[in-house]
Each structure stands twice: as C-alpha cells, then as structure tokens.
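Below is one structure, written out as structure tokens; the observations come after it.
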Amino acid sequence: DTAVSQTPKYLVTQMGNDKSIKCEQNLGHDTMYWYKQDSKKFLKIMFSYNNKELIINETVPNRFSPKSPDKAHLNLHINSLELGDSAVYFCASSLLFGGEETQYFGPGTRLLVL
Amino acid sequence: AQSVAQPEDQVNVAEGNPLTVKCTYSVSGNPYLFWYVQYPNRGLQFLLKYITGDNLVKGSYGFEAEFNKSQTSFHLKKPSALVSDSALYFCAVELSFGAGTTVTVRA
C-alpha cells in the first residue's frame, strides 16, 4: 500500500489554465505538507496543514490554494498557471506538526507549464 | 530563524571508499536534524534523524550521521560507498532543506 500518494504523476498544461494536484496519506498522520522542487532541485516548503487547519503559508502567491477536506487529504489548486510554476511538487505527511517528526513523501507531481 | 547549508554541490568517490556529505546548520534551541535521499527520477526518502541523545545516529542503507554541537554540523557518512548510493542528498533542519549534494560513486 502506498503511504503517501499523489495524482496526477505528470501534468502538462498551458499558461493561464487552472489545475489541481491531489494528495492522500493512509498513515493516520495529522499533518500534511506541500513542497516545491524547482529545476535546480531546490526544495521549499509551501504549505502545511495540521488537522485540516493551515499552519504554514510560506509567501506563496495567492494563485496557489491548498484545500484539506479531511486530515488524510491535502489538495493543491493552482489558478492562472505561469511558466515559473513548472516544477515537481511533493506532498508529505508526518504524525504531528513539529520539527522532530519524520516526514513521509509522495512520489511527486511533475508540472510543466507551456 | 533556521538555516542549513550543504557546502558541496557534488561529491565523487570510488566504490568501496568512505563517503562523507557535509551539512552545517543554524537554529536557536535544540535542533531537529534530518537526512533525506532522492534517487534519480524518484521521490524523497528518509535516511535518518537526530532529535536528542547519542551524537552518532544510524540510519537506512548503512548510513550514519554525527551530530556535533560545537561545530553546528551534521555530516552524513558511510564507511564503504556503493554505486547504488549515487543520488541527491538533502540535509534538513526542521522544515528547511539544504540545497542538496549530488553524490556520484564510480565503479
């Protein structure tokens, strides 16, 4: 069973479109995260949710909106896609929020904006 | 504020030789430190973490890391590298990641 899953795996779309990436974890964790890995492999946290509540929002454009229908899911909606949004987006989860908890990552969603 | 630095973009070693990947950090209070590995075209995997206790932490795939508070370092080590260890390694302090170090192990 996949612990943290993301769909789709690949996403190719035109500039200006709106798209969503879904994430689900079956680990019973309370906290979920979204990371962006750019073309230079640099990883940066975007959002974190704990029990469906937003706890981290790291200066991400308003075009990005996370939505957590329940604590097992954290979806990422992106409006008006731009070329610079092309990246790999990783979802992750941990048992609790806080630096001491190990994070488990999904396989990533490779987004290409044309 | 917290930050983490991986001073080497690339590390090249021969198979069978010791492997060290360097990491230094800056954080107030007690640090929570992690190492992750990303194999080519794959997701991130947890290797090991330091929370408290013994300064030498053992992790997956034969890796270990040594926490050195006075030098604010958390270097990743493996006594005998394998070609299959070739990957991108990330050090992290809490939720902040270093820029990554590409390890290439040649046969």
Q.
Can you name every one of the strands (runs of 3 or more DSSP E) wholly within the stretch A:1-60 that holds 3 or more residues which are of a type outside the set (A, V, I, L, M, F, W, C) and closer than 17 Å to A:GLN103 by Cβ?
A. A:31-37, A:43-50
Q. Got at least one residue in the stretch B:76-95 being open to solvent by 10 Å² or more (accessible area, probe 1.4 Å), under 20 Å from A:SER94 (Cβ atoms) and within 14 Å of chain A (Cβ to nearest Cβ)?
A. yes
Q) In the stretch A:66-112, what residues are without any contact (Cβ under 8 Å) to a residue 60 or more places away in the chain, assigned to a loop (DSSP other than H, G, I, E, B), of a type outside the set (Asp, Glu) and more than 10 Å from chain B (Cβ to nearest Cβ)? A) A:SER68, A:PRO69, A:LYS71, A:ALA72, A:LEU74, A:SER86
Q: From the list A:LEU96, A:LEU43, pick out the single residue that is surrounded by 14 or more Cβ atoms within 10 Å (Cβ to Cβ) and at pLDDT below 95.
A: A:LEU43
Q) When you scan the stretch B:39-57, how many residues do you find that are within 27 Å of A:GLN37 (Cα to Cα) and open to solvent by 40 Å² or more (accessible area, probe 1.4 Å)? A) 7
Q: Taking the residues in the stretch A:3-38 that are among the β-branched types (Val, Ile, Thr) and more than 13 Å from A:LEU74 (Cβ to Cβ) as candidates, determine which candidate is most open to solvent (accessible area, probe 1.4 Å).
A: A:VAL12
Q: For B:PHE63, state whether it is within 11 Å of chain A (Cβ to nearest Cβ), open to solvent by less than 50 Å² (accessible area, probe 1.4 Å) and at pLDDT 95 or above.
A: no
Q) Restricting the search to the stretch B:2-38, which residues are among the acidic types (Asp, Glu) and open to solvent by less than 80 Å² (accessible area, probe 1.4 Å)? A) B:GLU8
Q | Lone unmet requirement of (1) open to solvent by less than 10 Å² (accessible area, probe 1.4 Å); (2) more than 16 Å from A:SER5 (Cβ to Cβ); (3) small (Gly, Ala, Ser) for A:SER80 | A | (1)
Q) If A:ARG63 passes every condition in (1) open to solvent by less than 70 Å² (accessible area, probe 1.4 Å); (2) within 13 Å of the chain's Cα centre (by Cα); (3) away from every other protein chain (no Cβ under 13 Å) but one, which one does it miss? A) (2)
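The values are calculated or read from the model by the stated rules, or taken from the named source; none is laboratory data. As the structure is a computational prediction, the values presented were derived from the model and not from experiment. Here the Cβ is made from the backbone with ideal geometry for all residues, glycine too, and neighbour counts use every protein chain on show. Protein only, heavy atoms only, side chains kept; ligands, DNA and RNA dropped before computing areas. Shrake-Rupley method; radii C 1.70, N 1.55, O 1.52, S 1.80 Å.
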